[in-house]
């Protein structure tokens, strides 16, 4: 049976080369060298370019994205000033503005090869305006982007009036995941109680859990321990993620030697946000300054599924960002000191297959039968993709090209030398 589309002469993340990918009916039909092109509706010669399943952003805040400067800039650069700024902005939000900003961001994300985003949405506004807006965005972008929403009580489940009632309303409206922020409650005890309550809500409704957990430099902020214990108690393994976990960078090694096995045993995933964690954490330090990222390589070594998120783009917490998950992986490689070949490959996994597993994406991958959601990268392998932040030559959704970018190329006109094209510095491995 002829293919609808064929990607000829690709490289795959597992190292295979010269592989053709045949697509039929929106799914991958065959992955092998030398597939027949006769009768194919479209053939794309990838000329040895890397093909990957799409990037997955495991942690984002789409209700706030692209709002930089409204109502003012975050001068201190801290998490707490960002939360205060968001609180100042919330009363002035309109559905139209949230939808418009979110759709602009989704266009940028798709162009950068992102196929799925898990976005937290604040439920502490009694109007649930942002919830309604992002539910509409989720509906509109569904043909080309998977948007998973987390009911997030930004101001604390117990600290903010009506937060629990609003969270339950948001879940009734169709929000996908139970969220929380235990370290922002008034006391450690309230934080632990919020973890227990949120996990019980998720268990009763059969929903996943993703809590902002211990996004602080305080080594005594240990809500991830409670989250792992509640996951074990309620049988939620495989459905729970702890996001940020930055207090782990300040904990003593003896305690962490107990904590990481507990996380692994409970089946809790970890989501780090390298760009934001390295920018926000350590703000109260002089020198030495803490790095701010959780213990990514140690968690991976223990068998914990670790994904990475972009977290913020041009919002009250972060003034930069470009929806580039290779930029996220690039920062992780450096901050987590994962510059060995295996470490860099694992960081690529953290923005693709690991993040997809955390979101529970069905049909994700490069095997026959998987959805034909793919990205063609101007790189020879995942490490080169991270190093060069490779151009996304083609982005496919269900076997259809939805974005394309010309190859990056620089023409040189150097004195005393003939005109030439600057080479890509590909390392032999």
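The values are calculated or read from the model by the stated rules, or taken from the named source; none is laboratory data. Fair warning: this is a prediction, and the values are worked out from it, not measured in the lab. When we count neighbours, we look across all protein chains shown, and the Cβ atoms used for this are built from the backbone with ideal geometry, even at glycine.
So how many residues does region 349-381 have that are farther than 22 Å from residue 118 by Cβ and within 18 Å of the chain's Cα centre (by Cα)? Residues meeting the conditions: 0.
Remark: pairs (first residue in region 73-87, in the same structural domain as residue 312 (by TED's automatic domain parsing); second residue surrounded by 18 or more Cβ atoms within 10 Å (Cβ to Cβ) and assigned to a helix (DSSP H, G or I); Cβ separation under 6 Å; 6+ apart in sequence or on different chains) = 74/81; 74/82; 74/85; 79/280. Residue count for region 177-212, restricted to those that are farther than 19 Å from residue 225 by Cβ and surrounded by fewer than 20 Cβ atoms within 10 Å (Cβ to Cβ): 6.
Do we have any residue at all in region 79-87 that's surrounded by 18 or more Cβ atoms within 10 Å (Cβ to Cβ), under 26 Å from residue 244 (Cβ atoms), out of contact with any helix residue (DSSP H, G or I) (no Cβ under 6 Å at 6 or more places or on another chain) and at pLDDT 95 or above? Checked against the condition, which is being surrounded by 18 or more Cβ atoms within 10 Å (Cβ to Cβ), under 26 Å from residue 244 (Cβ atoms), out of contact with any helix residue (DSSP H, G or I) (no Cβ under 6 Å at 6 or more places or on another chain) and at pLDDT 95 or above, region 79-87 yields no hits at all.
Quick grid of which residues meet (1) in contact with a strand residue (DSSP E or B) (Cβ under 8 Å, 6 or more places away or on another chain); (2) crowded, with 23+ Cβ neighbours inside 10 Å; (3) without any contact (Cβ under 8 Å) to a residue 24 or more places away in the chain:
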residue: 67; (1), (2), (3): no, no, no
residue: 98; (1), (2), (3): no, yes, no
residue: 109; (1), (2), (3): yes, yes, no
residue: 137; (1), (2), (3): yes, yes, no
residue: 142; (1), (2), (3): no, no, yes
residue: 154; (1), (2), (3): yes, yes, no
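If you go through region 13-25 and keep only what is surrounded by 15 or more Cβ atoms within 10 Å (Cβ to Cβ) and over 30 Å from residue 240 (Cα atoms), you end up with 19, 20, 21, 22, 23, 24. Looking at 103, 66, just one residue is under 20 Å from the mean Cα position of the chain (by Cα), in the same structural domain as residue 156 (by TED's automatic domain parsing) and part of a loop (DSSP other than H, G, I, E, B), and that residue is 66. For region 385-423, residues that are without any contact (Cβ under 8 Å) to a residue 40 or more places away in the chain, surrounded by fewer than 16 Cβ atoms within 10 Å (Cβ to Cβ) and part of a loop (DSSP other than H, G, I, E, B) total 14. Within region 38-54, restricting attention to residues that are in a loop (DSSP other than H, G, I, E, B) and surrounded by 18 or more Cβ atoms within 10 Å (Cβ to Cβ), the residue that is nearest to the chain's Cα centre (by Cα) is 54. Does any residue of region 122-136 turn out to be within 20 Å of the chain's Cα centre (by Cα), at pLDDT 95 or above and in a strand (DSSP E or B)? Among the residues of region 122-136, at least one is within 20 Å of the chain's Cα centre (by Cα), at pLDDT 95 or above and in a strand (DSSP E or B), which makes the answer yes.
When residue 52 is tested against (1) more than 30 Å from residue 177 (Cβ to Cβ); (2) touching a residue at least 24 places away in the same chain (Cβ under 8 Å); (3) in contact with a strand residue (DSSP E or B) (Cβ under 6 Å, 6 or more places away or on another chain), exactly one condition is not met: (1).
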